[in-house]
Structure formats: C-alpha cells, structure tokens
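*Asks:* After the structure tokens below, expect a handful of questions from me.
What follows draws every value from the coordinates through simple rules; no lab data is involved. Just so it is clear, the model here is predicted, and its values are computed rather than measured. Ideal geometry is used to build each Cβ from the backbone, glycine not excepted, and the neighbour counts take in all protein chains shown.
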Amino acid sequence: MGKSFDPLRALAIASQALGFVLIITLETLLEDAARPWQGATLGVMLLVALGVALMRRYRRNKARKAAVERARKASEGEMSG
C-alpha cells in the first residue's frame with residue numbers, strides 16, 4: 001500500500017458520505033419540499049470535491065517543482081565537485 005493516511009482523501013470521502021446522508025435525510029423528513037435543499041447539498045458536495053481536486057493538483061505540482069530543483073542542485077554539485 002501507499003501512504004498510510006491522506007487527509008485530502010479523508011476529507012473527500014467524509015464530505016461525500018455526509019452529503020449523501022443529508023440528501024437522504026432531507027428526502028425522508030421533507031419529502032417533495034426537500035428538492036431545493038437537496039440541490040444545494042449537491043452543489044456544496046461538488047464545490048468540496050473541486051476544492052480537494054485543486055489542492056491535490058497544487059500539492060503534486062509543488063512536489064514536482066521541488067524534485068526538479070533538487071535534481072538541478074545535485075547535478076550542479078556533481079559538476080563543480
């Protein structure tokens with residue numbers, strides 16, 4: 001297995017689970033009046049998913065740039081040494 005704990009993955013899973021539970025609960029309690037609230041809940045779920053995806057991309061790009069910089073410094077060190 002890979003990393004032991006990924007907080008972004010945990011946030012994504014928790015937000016989706018909470019959203020689906022809320023949608024089902026709204027349907028149970030409000031019946032047809034729940035539709036607008038279910039739509040709002042789905043919208044929030046999508047915004048959280050987008051935020052998680054953007055944070056993942058940001059972290060991946062940051063790590064990639066750091067790796068390139070380390071490789072550049074290592075190659076400069078080998079040339080001067």
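*Asks:* Identify all residues within the range 36-65 that are of a type in the set (S, T, N, Q) and exposed (fewer than 12 other Cβ atoms within 10 Å of the Cβ); write none if there are none.
*Replies:* 61
*Asks:* Can you find even one residue in the range 34-52 that is of a type in the set (S, T, N, Q), part of a helix (DSSP H, G or I) and closer than 28 Å to residue 6 by Cα? Give the steps one after another, and end with the answer.
*Replies:* Start the filter on the range 34-52 by keeping residues that are of a type in the set (S, T, N, Q), which leaves 38, 41.
Remaining after also requiring part of a helix (DSSP H, G or I): 38, 41.
Okay, now just the ones that are also closer than 28 Å to residue 6 by Cα, so 41.
Yes, the conditions are met somewhere in the range 34-52.
*Asks:* Same structure, new question: With respect to residue 68, is the statement that it is under 19 Å from residue 16 (Cβ atoms), in a helix (DSSP H, G or I) and out of contact with any Pro (no Cβ under 8 Å at 6 or more places or on another chain) true? Spell out how you get there, then give the answer.
*Replies:* Numbers: under 19 Å from residue 16 (Cβ atoms): no; in a helix (DSSP H, G or I): yes; out of contact with any Pro (no Cβ under 8 Å at 6 or more places or on another chain): yes.
Against the criterion (under 19 Å from residue 16 (Cβ atoms), in a helix (DSSP H, G or I) and out of contact with any Pro (no Cβ under 8 Å at 6 or more places or on another chain)), residue 68 does not qualify.
*Asks:* Kindly establish whether residue 29 is surrounded by fewer than 11 Cβ atoms within 10 Å (Cβ to Cβ), free of Cβ contacts under 8 Å to residues at least 60 places away in the same chain, part of a helix (DSSP H, G or I) and not β-branched (Val, Ile, Thr). Give the derivation first.
*Replies:* On the way: surrounded by fewer than 11 Cβ atoms within 10 Å (Cβ to Cβ): yes; free of Cβ contacts under 8 Å to residues at least 60 places away in the same chain: yes; part of a helix (DSSP H, G or I): yes; not β-branched (Val, Ile, Thr): yes.
Against the criterion (surrounded by fewer than 11 Cβ atoms within 10 Å (Cβ to Cβ), free of Cβ contacts under 8 Å to residues at least 60 places away in the same chain, part of a helix (DSSP H, G or I) and not β-branched (Val, Ile, Thr)), residue 29 qualifies.
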